[in-house]
């Protein structure tokens with residue numbers, strides 16, 4: 001049985017431009033997001049998107065993959081979105097081909113930052129359901145709260161202050177189930193049209 005897609009949501013007391021900058025600039029993204037050690041853009045797409053290479057350094061191995069992404073800054077409802085597709089041929093990666101989105105929603109006093117994403121389990125459905133997907137979901141939520149601290153208090157991600165200061169990153173501060181429907185129901189239209197990596 002296939003597990004549901006991953007969903008994470010957090011409210012950040014920072015304006016949408018700040019959250020966009022900290023998440024869309026690749027050098028910033030890899031600082032707060034535990035899922036990536038490095039993100040390197042290498043080719044532009046026709047309509048403001050780009051291709052990138054990603055790395056996740058592990059103790060004895062670095063997982064490498066590629067992806068495509070495209071963002072929407074101007075939407076009639078005032079939100080912004082970013083769509084993503086990724087893949088890897090690395091046999092040690094527990095995540096196979098995947099796709100997802102970020103949604104930025106202006107709220108009173110800040111921005112609601114949301115992700116929904118899914119992937120093909122590279123190590124089988126059973127191991128994915130009991131170990132990999134819960135761990136990847138937790139990493140995503142912890143990273144979102146690290147981003148929140150950076151945007152709200154200028155505490156650099158993974159610095160000693162982020163761990164010792166009251167309010168250190170905590171995955172439990174994130175909402176992990178959609179307010180309605182399923183995680184991928186709210187995906188932007190750009191995701192279905194996004195080129196394969």
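Here, each number is a calculation from the coordinates, and none is a lab measurement. Quantities reported herein were computed from a predicted structural model and do not represent experimental measurements. All Cβ positions, even for glycine, are placed from backbone atoms using ideal geometry, and neighbour counts span all protein chains on display.
Details
- Point-to-point label distance, residue 48-residue 13, nm (Cα→Cβ direction, 7 Å offset): 3.1 nm
- Each label was represented as a point 7 Å from its Cα along the Cα-to-Cβ direction; for residue 139 and residue 57 these points are 1.5 nm apart.
- Rounded Å value of the spacing that divides the Cα centres of segment 99-158 and segment 170-197: 10 Å
- With the helix formula -39500 (n - 2.57) applied to DSSP H stretches of n ≥ 4, the chain reaches a computed 222 nm mean residue ellipticity of -7000 deg cm²/dmol.
- Here the relative contact order of the chain, from alpha carbon pairs under 8 Å that lie six or more residues apart, stands at 29 percent.
- Difference of contour (0.36 nm per residue) and Cα-Cα distance, residue 189 to residue 173: 2.9 nm
- An oblate overall shape is assigned to segment 23-62, the ratio a/c of its alpha-carbon gyration tensor axes (a ≥ b ≥ c) being 1.5 or greater and a/b not exceeding b/c.
- When the chain is treated as a GNM with alpha-carbon contacts under 10 Å, the residue of 152, 25, 72 showing the greatest mean-square fluctuation is 25.
- Extension reserve of the residue 126-residue 73 stretch, reckoned as 0.36 nm per residue once the Cα distance is removed: 15.2 nm
- Taking the average, over residues, of other Cβ atoms within 10 Å as the packing measure, peptides 8-18, 110-120, 46-56 rank 110-120, 8-18, 46-56 from highest down.
- GNM result for the chain, Cα springs below 10 Å: residue of 178, 134, 108 fluctuating most strongly: 108
- Computed over segment 1-88: relative contact order in percent, which uses C-alpha pairs under 8 Å that are six or more apart: 15 percent
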